[in-house]
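The block underneath contains the structure these notes are about, expressed in structure tokens.
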Amino acid sequence: MSQIDDAPPPRAWDAIIIGSGFGGAMAALPLVNAGWRVLMLERGGWVARGPDNWGGRGAGLLTPHYTMETPYRVTAGHYRYDTGAWHCVGGQSVFYGGASFRYRARDFEHDPHVVGDSGAEWPWRYADLEPWYVHAERLLGVAGETGADPTEPPRSTPFPHAPAPLSRPSRMIADAARRLGLNPFRIPLAISYERGDERRACISCGTCDGYACAAEAKNDLATAVIPSLVRHGMTLRTNTVCVRLVHARGRVVAVECVDRVTGQPSRYVAGRVVLAAGALATPHLLLASGLDRASPARDAIGRYLTRHCNAVVFGVYPRRPNPAGEFDKQVAIHDAYDGAALPGAPAGTLGGIQQLTPPAGLVRAYMPAVVRMPAALLVQHATGLLCMAEDQPLQANGVSLDEGTRDRYGMPRLHVRHLYTARDRAAAGALATLARRILYEAGAAFTWTHHIETFSHALGTVRMGSDERTAPLDGDGRFRGVDNLFVADGSAIPRSGGVNPSLTIAATALRS
């Protein structure tokens, strides 16, 4: 792909897109289609595809694309630890599992039990975003089952593609849920199940979540969107670290960068700048550039971080439920999404339950060394249900700069502070109780619960909204106080909802 990266940059661009994930790629699309000269800057490189993706080093955390070169310091109550970040063309989409849910219509309405006094409100409603959901689903080739989800929002069109047949463990979970009077349905997945002129068919290898797709059947952005953007004129520069947005008189006048390989500085100019580096990196760059001082919602920049309160409940069986290693992230259960009468459930939206059993290789990559091998063996006798609870947006949760420590690019270190509320944990606990019932009904001998503390669903740190005093972005994603700066990633999403946020990020970026 060197012909992409070596394209000579013009003196000025119509638009610069910082980041190539769901927000950046989708924000670039209408500009490229309109004939704009678009430069996309990506901190990482291309992820190679092939048999090595299935190997012992194929799990995302073990690849060079997850790096601690600029570690984030995380404080969660009494716990402190450092965490890294994903840097690659396509962003985290390359390593995600393909789940492509729309937010429910009620997720765009006010829920006082979740929002409280945080001021987190959408500037528009579901109906305003629905056409863009349609567009995003087509671009990503989403396969789903229209009308089976009891909480499905209104749709103007069916899913673009039909899902694949259920695997053995998926049928086991779905049958157990039905016996309990629940309504399991198919997870909408951005995966190609039929071979076409530009589509490769899924081979059901089971390595979707946490892995780059070796067969290129998962329609991540580096596979399904960015190559087309380049063919239509966009210039992509990889291994380019953005370190400062230079601003004057209410506009960004330059983007300053450092080459990640050579250390060579560079400077780019454009009429529009779209920041889409992610819900941690985007406020990092804004704060490091002093752009918070230009905003009437200065106190909200970097704040109100959400990331879902997630836990996987594993059911362990005497016999291996998936001896063939089939892909089993296929079934979801939303009967308790709106806060059904579950033991210990708080008022308001709870969230969803999704089938998720990570491959043994992924368990070995993610688990602490002391339990790595036993857990990898145990998971081969297990099926998992991911409980995804909406967490409350709090002003105290967010990011700040440590000016006393800088990385090799000159950026101040980012400090992340986050704690779940009692309501967050109660919502996740109620969903976990239901998940255990399903797993025992499916024949599990016992269950155990693994709490997820990653920032893979991080949202809300530069949120959009109608009130300029509490929302740094307007309804079009424009950064209030800076005329030519837009934000188009998860940081713009004011609430986490109870489903995976990738499709909503994509649709919102297309709309902006």
Looking across the range 456-512 at residues that are crowded, with 22+ Cβ neighbours inside 10 Å, out of contact with any Gly (no Cβ under 6 Å at 6 or more places or on another chain) and of a type in the set (S, T, Y), the single one that is farthest from G210 (Cα to Cα) is T508
Would you check which residues across the range 282-294 are open to solvent by 10 Å² or more (accessible area, probe 1.4 Å), among the small types (G, A, S) and farther than 22 Å from G91 by Cβ and list them? A294
Every residue in the range 481-505 that is part of a helix (DSSP H, G or I) and either closer than 15 Å to A15 by Cβ or over 10 Å from the mean Cα position of the chain (by Cα) (or both), please. S491, A492
Answer with yes or no whether G271 is part of a loop (DSSP other than H, G, I, E, B), open to solvent by 20 Å² or more (accessible area, probe 1.4 Å) and at pLDDT 95 or above. no
Cross-chain or 6+ apart pairs with Cβ under 6 Å, the range 119-132 first and within 16 Å of G477 (Cβ to Cβ), then open to solvent by 30 Å² or more (accessible area, probe 1.4 Å): P123/S466; W132/R511
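Right, V47: open to solvent by 10 Å² or more (accessible area, probe 1.4 Å) and either among the small types (G, A, S) or touching a strand residue (DSSP E or B) at 6+ places or on another chain (Cβ under 6 Å) (or both) or not?
Judged against the criteria, V47 is a match.
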Index of the failed condition, R320 passing every other in (1) assigned to a loop (DSSP other than H, G, I, E, B); (2) over 30 Å from L166 (Cα atoms); (3) not small (G, A, S): (2)
Of those in the range 116-135 that are assigned to a helix (DSSP H, G or I) and within 21 Å of the chain's Cα centre (by Cα), the residue surrounded by the fewest Cβ atoms within 10 Å (Cβ to Cβ) is P131
Under 6 Å between Cβ atoms, which residue pairs at least 6 apart in sequence (or on different chains) link something in the range 335-348 that is within 16 Å of T151 (Cβ to Cβ) with a partner that is open to solvent by less than 30 Å² (accessible area, probe 1.4 Å) and polar (S, T, N, Q)? Y337/T151
Read through the list (1) modelled with pLDDT under 95; (2) surrounded by 20 or more Cβ atoms within 10 Å (Cβ to Cβ), then give the number of the only condition that R319 fails. (2)
Starting from the range 66-82, take each residue that is open to solvent by less than 60 Å² (accessible area, probe 1.4 Å) and list its partners that are among the polar types (S, T, N, Q), counting only C-beta distances under 7 angstrom and pairs at least six apart or across chains. P71/T83; Y72/T83; V74/T83
Output for the range 146-204, where each listed residue is over 15 Å from A442 (Cβ atoms), in contact with a Gly (Cβ under 9 Å, 6 or more places away or on another chain) and among the aliphatic types (A, V, I, L, M): A162, I187, L189, A190, I191
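Name every residue in the range 142-151 that is among the aliphatic types (A, V, I, L, M) and part of a loop (DSSP other than H, G, I, E, B), in order of residue number.
V142, A148
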Being at pLDDT 95 or above, closer than 23 Å to G97 by Cα and hydroxyl-bearing (S, T, Y) is true for just one of T454, T504, T433. Which residue is that? T504
Pull up the range 136-151, narrow it to residues that are touching a Lys or Arg at 6+ places or on another chain (Cβ under 8 Å) and more than 20 Å from L510 (Cβ to Cβ), then point me to the one that is least open to solvent (accessible area, probe 1.4 Å). T151
Going by the conditions given, is D328 over 18 Å from the mean Cα position of the chain (by Cα), within 17 Å of S496 (Cβ to Cβ) and touching a residue at least 24 places away in the same chain (Cβ under 8 Å)? no
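In the set A422, A445, A435, which member is over 30 Å from A488 (Cα atoms), free of Cβ contacts under 8 Å to residues at least 24 places away in the same chain and among the aliphatic types (A, V, I, L, M)? Full working, then the answer.
On the way: A445 fails: free of Cβ contacts under 8 Å to residues at least 24 places away in the same chain; A435 fails: free of Cβ contacts under 8 Å to residues at least 24 places away in the same chain.
Every option except A422 fails the conditions.
The values are calculated or read from the model by the stated rules, or taken from the named source; none is laboratory data. What you are looking at is a predicted structure, and each value in this text was computed from that prediction instead of being measured. Neighbour counts run over all protein chains shown; Cβ positions are idealised from the backbone, glycine included. What goes into the accessible areas is simple: the full protein's heavy atoms, side chains included, and nothing from ligands, DNA or RNA. Shrake-Rupley method; radii C 1.70, N 1.55, O 1.52, S 1.80 Å.
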